[in-house]
1. Of all strands (runs of 3 or more DSSP E) completely enclosed by segment A:1-55, which ones contain at least 2 residues that are in contact with a strand residue (DSSP E or B) (Cβ under 8 Å, 6 or more places away or on another chain) and away from ligand 2 (no atom under 16 Å from the Cβ)?
2. Looking at the structure I just gave you, is residue A:98 within 14 Å of chain B (Cβ to nearest Cβ), surrounded by fewer than 16 Cβ atoms within 10 Å (Cβ to Cβ) and either within 16 Å of ligand 1 (Cβ to nearest atom) or in a strand (DSSP E or B) (or both)?
3. Would you point out the residue of segment A:41-68, among those that are within 10 Å of ligand 1 (Cβ to nearest atom) and of a type in the set (Lys, Arg), that is farthest from the other protein chains (Cβ to nearest Cβ)?
4. Residues in segment A:69-95 that are away from every other protein chain (no Cβ under 14 Å) and free of Cβ contacts under 8 Å to residues at least 24 places away in the same chain: how many?
5. Write out, first by first residue and then by second, each pair whose Cβ atoms fall under 6 Å of each other, whose residues are 6+ apart or on separate chains, and whose first residue, in segment A:97-109, is within 16 Å of ligand 2 (Cβ to nearest atom) while the second is at pLDDT 95 or above.
6. Just wondering, is there one or more residues in segment A:145-152 that are more than 18 Å from residue B:131 (Cβ to Cβ) and within 16 Å of ligand 1 (Cβ to nearest atom)?
7. Does residue B:90 qualify as being out of contact with any strand residue (DSSP E or B) (no Cβ under 9 Å at 6 or more places or on another chain), closer than 25 Å to residue B:59 by Cα and either within 14 Å of chain A (Cβ to nearest Cβ) or surrounded by fewer than 20 Cβ atoms within 10 Å (Cβ to Cβ) (or both)?
8. Could you list all residues from segment A:171-188 that are in contact (Cβ under 8 Å) with a residue 60 or more places away in the chain and surrounded by 23 or more Cβ atoms within 10 Å (Cβ to Cβ)?
Amino acid sequence: MSNDVVVELEGVRKCFGPRVIFDDVSLSVHRSEVVAVIGPSGAGKSTLIRCINRLNTFERGVIRALGHEVYGTEEGKPALKRDELRELRTEIGMVFQTFNLFPHLTVMKNVMLAPQRVKGLSEAQATARALELLEMVGLSHRKDAHPRQLSGGEQQRVAICRALAMEPKVMLFDEPTSMLDPELVGDVLATIRRLALDGMTMILVTHEMMFAKEVANTVVVMADGRIAEMGPARQVLSAPKTERARSFLERVLPHTDGGGVTDVRTHPQDQGGPIAGPIDSIGGSALWSREADEEELL
Amino acid sequence: MSAIALYTGEMLDGAVITLELTAGATVVSLVAGAAGAVGRLYGPKALKTFVMAYVETIRGLPAILQLFILYFGLTQFGIDISAYWAAFVWLCLYGTGYAIEIFRAGLQGIPEGQHEATAALGLTRFEAMRRVIIPQAWVAMLPALTNFVVLELKNTTLLYFIGVQDIMFHARLGVSNSGQPLVVYGIAAGIYVVMNGTISRVGGLLEKRAAIAR
Ligand SMILES: Nc1ncnc2c1ncn2[C@@H]1O[C@H](COP(=O)(O)OP(=O)(O)OP(=O)(O)O)[C@@H](O)[C@H]1O
Ligand SMILES: [Mg+2]
């Protein structure tokens, strides 16, 4: 893995009013790294990734992303200029739990809007890009539909296309599958997996522990207002070192016997698994197809 | 019978004035109302407070009292304003107060997630408003806007009290001359029904179109 850091948080504190949501959060995300953020509800996972593209402000510390340096709202620190904020946001894609597609626009127009209005792409260029992305997620036949005519899973894949159409260098996902019916989760996860294989840098808040274990290089466990544990995905999920991470994982995975996630799969990571090729370029981490597992869900 | 025809003709002349005032005041109120709502929601604190106070005043005072204060008050200050223009100004002021509330509700009804999605994509505030927020708010506001135009039109009947020669003015005249209130007021009612019915129909068509376009 190349060592360039794409996103870096240093001593970040976030409060809502008098309430400290988290404090002293530090984290580095490298190019093509996939970081999964897990933790109990209310731990501040969403808030954390929303600080990265400044949908939330933060009170202390600094976040460096793609060459931009954003400080908390502390006195004496430089404020972020509006244009720089917009530039930062165009380089960071975000996918929301509730999709947030534009209901008055067709699928195509949802994907084309920002490339045209922010990047100044021509109609033809934006159309070509949108079609290519919709093709990738298997939705080109739905291009003229309106969001409400789509299933949740389809909407979320369109939302991913909408973000990708800006050619972001980092993608943020906030529980992209938690609003979906179980049988629709697989398609969205497949899209995210595909992005991981293509080397997209991603920070992903998720409750899909198995998916995190498969796709993420790093897992961050947030709890009690701080990062309780952070490390290689398989290690944190299978054998958490801290009591806090262990107790959380026990609760979300009650079938395990105290040792975190039991790895039921048979492919040892070193043998590479059934997919060859691009996986090797993703930081040599454990990435293999879980198509079989998902078929069981369908 | 020909007398009734004469009064009907005069009432139709009055209808032109009613429509003129309604249309003009509606346009002004909608533009000012949209601006006021944006100021109320996104403007600096002083502006917010001003817009809120304005809306409360318009909503709180009886319509006829507002009209009298404006018309007779201005005259007392030596400002010579014709009944017609006083009427127009009042309809605009009154309409703006209500239009602000309609636009505010419409804009606030758009979920926060829509704003966040535009922000996350790097759209400017202006582009977000223009391409995403207002088009959606517009659809949601259409029924209220239709009501609003009907209300403005019905408000013009109050202008009779300051001597504007609208439908009501001619109807009253016709009644006292002919002594046939049921017939003359009935005709006046018919004219209002046609006008407001047309407004509702246009509103309905716009809603239908918006529903298809969505
Ligand atoms: N806009 C806000 N104003 C005040 N408090 C907020 C706001 N947004 C979030 N919070 C609070 O901050 C805390 C962290 O919220 P956050 O949404 O980041 O949690 P989370 O880890 O994403 O939880 P979940 O898994 O339920 O999505 C919560 O206690 C929440 O109530
Ligand atoms: Mg959350």
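1. Numbers: elements: A:5-16, A:19-30, A:34-38.
Hits in segment A:1-55: A:5-16, A:19-30.
2. Details: within 14 Å of chain B (Cβ to nearest Cβ): yes; surrounded by fewer than 16 Cβ atoms within 10 Å (Cβ to Cβ): no; either within 16 Å of ligand 1 (Cβ to nearest atom) or in a strand (DSSP E or B) (or both): yes.
Against the criterion (within 14 Å of chain B (Cβ to nearest Cβ), surrounded by fewer than 16 Cβ atoms within 10 Å (Cβ to Cβ) and either within 16 Å of ligand 1 (Cβ to nearest atom) or in a strand (DSSP E or B) (or both)), residue A:98 does not qualify.
3. If we take residues in segment A:41-68 being within 10 Å of ligand 1 (Cβ to nearest atom) and of a type in the set (Lys, Arg), then A:45 is farthest from the other protein chains (Cβ to nearest Cβ).
4. Of all residues in segment A:69-95, those away from every other protein chain (no Cβ under 14 Å) come to A:69-79.
If we keep only those that are free of Cβ contacts under 8 Å to residues at least 24 places away in the same chain too, we end up with A:69-71, A:73-79.
The qualifying residues number 10.
5. The qualifying pairs are A:97/A:174; A:97/A:175; A:98/B:113; A:99/A:155; A:99/A:156; A:99/A:159; A:100/B:113; A:100/B:117.
6. Let us first name the residues in segment A:145-152 that are more than 18 Å from residue B:131 (Cβ to Cβ), namely A:145, A:148-152.
Of the ones still in play, those that are also within 16 Å of ligand 1 (Cβ to nearest atom) are none.
No: zero hits.
7. Values: out of contact with any strand residue (DSSP E or B) (no Cβ under 9 Å at 6 or more places or on another chain): yes; closer than 25 Å to residue B:59 by Cα: yes; either within 14 Å of chain A (Cβ to nearest Cβ) or surrounded by fewer than 20 Cβ atoms within 10 Å (Cβ to Cβ) (or both): no.
When the stated conditions are applied, residue B:90 does not pass them.
8. Applying the first criterion (in contact (Cβ under 8 Å) with a residue 60 or more places away in the chain) to segment A:171-188 yields A:171-176, A:178-179, A:182-183, A:185-186.
Within segment A:171-188, A:172, A:173, A:176 meet the criteria.
The values are calculated or read from the model by the stated rules, or taken from the named source; none is laboratory data. For clarity, every value in this text was computed on a predicted model and none was experimentally measured. Glycine gets a Cβ as well: all are built from the backbone with ideal geometry, and neighbour counts include every protein chain shown.
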